[in-house]
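Peer 1: Structure below; questions to follow.
Coordinate-derived values only; no laboratory data. This one's a predicted model, so the numbers in the text were calculated from it and none came from an experiment. Please note: Cβ atoms are built from the backbone with ideal geometry, for glycine as well, and neighbour counts cover all protein chains shown.
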Amino acid sequence: MQREITAPCKVFEENGEVMQAGWARKSVFEYNEPDSKTAGKHSERDCYFINNGEVSLYLSVENLGLEFAIKIAVADLKRGGVISDYVVKKWNLIKNQLPEAGDNGELLYSDKRVQLQLTNTPQGRFIKCDFIDFAGIKNLYVNLVLQKNIGDSLNELAPFERNRKYFYLKRFVPKFTAVGVIRVGGLEYSLNENNSRAYFDWTRFCKPRHHNYQRLSADCLIGGRRVALNLASRVGDNRFGNENCFFTDGTLHKLYNINVKGNPKRLDRPFYFQGGTTAVDIMFKPFTVGGAAMTANMDKTSVIFGRLYGAINHVEVGKLTLDNAQAHLVFTEF
């Protein structure tokens with residue numbers, strides 16, 4: 001039985017272990033890293049996905065042990081095609097600190113090819129990036145302001161059953177709009193608060209073993225309503241809460257176990273997601289270009305762009321038809 005957490009609590013108890021487990025609609029889990037038994041060994045990932053129906057931008061910044069990575073993909077959803085690039089710094093002894101608070105903090109990174117700025121303020125979030133010879137063929141320029149709307153977020157805390165010094169802390173926030181430009185070579189995409197949507201995917205974790213992680217996500221308009229979806233594979237002890245959920249106009253609706261059928265070695269073929277008798281019955285069909293799935297491969301991460309077909313039947317929402325809704329499927333190792 002999943003457990004909803006409604007009162008603020010710390011992630012780590014006085015003994016440094018994770019004793020709480022469950023999910024929440026608000027950011028109730030206080031990430032008190034210094035109290036952890038594994039302090040100094042935690043991994044971090046901040047991921048943004050921004051789209052306006054014409055273009056999608058995937059941006060992930062990661063601290064994985066001594067490895068620091070920036071992964072960026074831009075998909076042209078009307079013309080067809082995706083280009084991507086990434087920077088991985090191994091044995092990075094000086095940690096590039098990611099912003100911890102939603103209303104303050106900044107990451108500044110610069111090397112010969114990339115200049116990246118992520119800034120959190122009470123007024124919004126700022127993303128600015130200059131990437132020279134992006135994908136080896138074009139320059140990328142991103143200048144966006146993200147503004148947060150009122151609504152729920154998905155928050156999950158999962159310890160590891162055998163050793164509770166290990167943990168997985170997740171926050172999925174699909175309630176931003178974006179204003180600004182994305183420029184790739186000679187193509188420029190304009191985003192404003194009326195045509196854009198953006199989500200923020202925040203994870204902090206320390207695990208006893210590597211995982212092959214899979215997540216289906218969407219953030220789109222269906223019948224004039226903003227609908228977001230998050231279906232993800234299991235990490236840690238999920239008996240009291242998992243990542244599976246969807247949102248309608250900022251309201252979170254929880255989902256339970258989801259069965260996934262698909263072949264990760266054949267990304268051009270559909271993937272099927274089912275839960276309950278008819279509660280979730282969705283097909284993800286990748287976009288294809290020249291017979292190949294429209295995929296961005298970035299180090300240990302692949303992002304496949306496509307559409308959803310099918311529906312979700314939920315007691316609070318009724319039947320939500322997802323036909324032709326833009327979505328993406330993420331595969332990553334961490």
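Peer 1: D for segment 154-252, whole µm²/s, Stokes-Einstein with Kirkwood Rh over alpha-carbon pairs at 10 °C and 1.306 mPa s: what number?
Peer 2: Working: Rh = 15.5 Å.
After rounding, the answer is 103 µm²/s.
Peer 1: Now for a different question. Tell me whether segment 75-131 comes out rounded, prolate or oblate; compute the Cα gyration tensor, take square roots of the eigenvalues as a ≥ b ≥ c, and use a/c under 1.5 as the rounded threshold.
Peer 2: Oblate is the answer for segment 75-131, as a/c is 1.5 or above yet b/c matches or exceeds a/b.
Peer 1: Treating cross-link reach as a plain straight distance, find the aspartates and glutamates whose alpha-carbon is under 18 Å from the alpha-carbon of Lys165, omitting any fewer than eight places away in the same chain.
Peer 2: Straight-line reach from Lys165, under 18 Å: Glu13, Glu14, Glu17, Glu30, Glu33, Asp35, Glu44, Glu156, Asp237.
Peer 1: Next up: Around Ile94, with a cut-off of 14 angstrom between Cβ atoms, what is the net charge of the other residues, counting Lys and Arg +1 and Asp and Glu -1?
Peer 2: The answer is +1.
Peer 1: If amide H atoms are built 1.01 Å from N in the plane of the peptide, which residues on other chains or at least 5 residues away come under 5 Å of the amide H of His211?
Peer 2: Amide H neighbours of His211, under 5 Å, 5+ apart: Phe334.
Peer 1: In vacuum, with every alpha carbon of segment 9-333 counted as one equal point scatterer, what does the Debye formula give for log10 I(q)/I(0) at q = 0.14 Å⁻¹? Two decimals, please.
Peer 2: -1.17
Peer 1: Return Ile282, Ile5, Ile94, Ile222 ranked ascending by Cβ neighbour count within 10 Å, so the fewest neighbours appear first.
Peer 2: Ile94, Ile222, Ile5, Ile282
Peer 1: Cα to Cα, under 20 Å, and not fewer than 8 places away if on the same chain: which lysines meet these conditions relative to Lys319?
Peer 2: Lys254
Peer 1: Answer rounded, prolate or oblate for segment 112-185, using the Cα gyration tensor with square roots of eigenvalues a ≥ b ≥ c: rounded when a/c is under 1.5, else prolate when a/b is larger than b/c, else oblate.
Peer 2: oblate
Peer 1: Right, next: Counting only other residues whose beta carbon sits under 10 Å from that of Val173, what net charge do I get with K and R as +1, D and E as -1?
Peer 2: Here the count lands on +1.
Peer 1: Looking at segment 92-152, which trypsin sites (Lys or Arg not before Pro) are DSSP coil and have at most 12 other C-beta atoms within 10 Å of their C-beta?
Peer 2: Lys95, Lys112
Peer 1: Are any of the pairs Lys148/Lys285; Lys90/Lys207; Lys95/Lys265 more than 25 Å apart by Cα-Cα distance, and if so, which? Don't jump to the answer; show the numbers that get you there.
Peer 2: On the way: Lys148/Lys285 30 Å; Lys90/Lys207 19 Å; Lys95/Lys265 34 Å.
As for pairs spanning more than 25 Å Cα to Cα, those are Lys148/Lys285; Lys95/Lys265.
Peer 1: Would you mind working out the magnitude of the charge dipole of the chain relative to its Cα centre, with +1 at each Lys and Arg C-beta and -1 at each Asp and Glu C-beta, to the nearest 20 Debye? Mind dumping the intermediate values first?
Peer 2: Values: 44 positive and 36 negative charges, 147 e Å.
Dipole magnitude for the chain comes out near 700 debye.
Peer 1: Restricting to DSSP loop positions (anything but H, G, I, E, B) with no more than 16 other Cβ atoms inside 10 Å of their own Cβ, which GluC sites (Glu not before Pro) remain in segment 1-58? Walk me through the numbers on the way to the answer.
Peer 2: Values: sites: Glu4, Glu13, Glu14, Glu17, Glu30, Glu44, Glu54; in loops: Glu13, Glu14, Glu17, Glu54.
Answer in residue order: Glu13, Glu14, Glu54.
Peer 1: Another question about this same structure. Taking only pairs that are 8 or more places apart or on different chains, how many Lys pairs in segment 1-77 have Cα atoms under 23 angstrom apart?
Peer 2: 4
Peer 1: Where Lys and Arg each count +1 and Asp and Glu each count -1, what net charge lies around Tyr48 among other residues with Cβ under 10 Å from its Cβ?
Peer 2: -1
Peer 1: What shape does segment 223-292 take by its C-alpha gyration tensor, where a ≥ b ≥ c are the square roots of the eigenvalues and a/c under 1.5 counts as rounded, a/b above b/c as prolate, and the rest as oblate?
Peer 2: It comes out oblate by the Cα gyration axes.
Peer 1: Rg(Cα) of segment 42-161 divided by 2.2 N^0.38 Å?
Peer 2: This ratio for segment 42-161 stands at 1.14.
Peer 1: So for each of 69-82, 252-265 I average, over its residues, the number of other beta carbons within 10 Å; can you give me the resulting order with the highest mean first?
Peer 2: My ranking of the peptides, most packed first, is 69-82, 252-265.
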